[in-house]
Amino acid sequence: MRRREWLNLGKGLLLTAAATSLGVAQQRGKKPIYVLAWSERTEPKEHYPEGHNGVIAAFLNKDPNIRAEAVSLNDPEQGLPPEKLQRCDVLIWWGHVRHGEVRDDIVERIVKRVKDEGMGFIALHSSHYAKPFQRLINSPGHLGGVGHGREEHIWVVAPNHPIAKGITHFTLPDEEYYAEPFQVAEPETVVFISTFGSGHWFRSGLTWSVGKGRVFYFRSGHETSPTMKDERVLKIIRNAVYWCARRSP
Ligand code: ZN
């Protein structure tokens, strides 16, 4: 076979593989879960040139049952125009120092989508102070303390929960610590607890049902730690997407 023929054969195989994975999703008769990965984009460029939202969306898009899009506070309508938010099944949020810039009318729309229409909401790390998170769980989200935690041990304390599927105890080499008490509404399930090299501990994976919707908070994801590139962390987020969307992988 000539080189061109080989190339064509390769292309054909790739197309077949793509069609097969698309077919698997379609066979189940379900449309892909539409995810918006939102960030305020203050992650340092040297650590996350594509942002937490870009890393998360790229990982989720490897799953044929998920269609993820990275959006940010810098986009028109702060990344959440009404038609996009209306289509969204699960909204993933990472904010840190620009919480106050998020428009209240957009927060209201998010809360309505979750409570009345069942959209899922996943808050990551410093989003414990994000306006939509505070509104959804009706709590201030204050921490008992924050600082350099050294290593973070993540313990699975609800191993049968769908968000813990395929996850066992693991350690992140360098993270910020958050300390209890975490001022949030009583969670439905504590899925993960973290202990830190600094001696602190924190409930680091929490779920709530809010009206028709599901909310998950995950602690890890400091902007100067490599956490968001960790496959285990990304798998937890993917599991949470399925759980929030009331779907199984
Ligand atoms: Zn942080």
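No lab work stands behind these numbers, since they all come straight from the coordinates. Source: prediction; values computed, not measured. Because the Cβ atoms are built from the backbone with ideal geometry, glycine has one as well, and the counts that use them run over all protein chains shown.
Springs join every pair of Cα atoms under 10 Å in this Gaussian network model of the chain, and among T168, T42, T224 the largest mean-square fluctuation is at T168. With K and R counted +1 and D and E -1, the other residues having a Cβ less than 14 Å from that of E152 yield a net charge of -1.
Taking the average, over residues, of other Cβ atoms within 10 Å as the packing measure, peptides 77-88, 124-135, 51-62, 92-103 rank 124-135, 51-62, 92-103, 77-88 from highest down. With just the Cα atoms defining each centre, how far is segment 103-125 from segment 67-95? Give it in Å. Computed from Cα coordinates, the inter-centre distance equals 11 Å. For T224, project a label point 7 Å along Cα to C-beta. Then give me every residue of segment 168-188 with its amide nitrogen under 19 Å of that point. Under cut-off, by backbone N: 172-179. Taking 0.36 nm per residue of separation and subtracting the current Cα-Cα distance, fully stretching the chain between A158 and N74 would add 26.5 nm.
Centroid-to-centroid, using Cα positions, segment 131-165 and segment 186-212 are 4 Å apart.
Just need the relative contact order of the chain here, percent rounded to a whole number, with Cα pairs under 8 Å and 6+ apart.
18
Per-residue ellipticity at 222 nm from helix content only, as computed over the chain with -39500 (n - 2.57) for each DSSP H run of at least four residues, stands at -9500 deg cm²/dmol.
Going through the DSSP H helices of the chain, which span 20 Å or more along their own axis at the Cα atoms while scoring at least -1.0 as a mean Kyte-Doolittle hydropathy? In the chain, the long hydrophobic H runs are 3-27. Please check: in the Gaussian network model of the chain (C-alpha springs, under 10 Å), which one of A37, A68, A164 has the largest mean-square fluctuation. Top of the fluctuation ranking is A164. Considering all different alpha carbon pairs of segment 108-206, the Kirkwood hydrodynamic radius works out to 14.4 Å. Projecting the alpha carbon convex hull of the chain along each direction and taking the average yields 15.4 nm².
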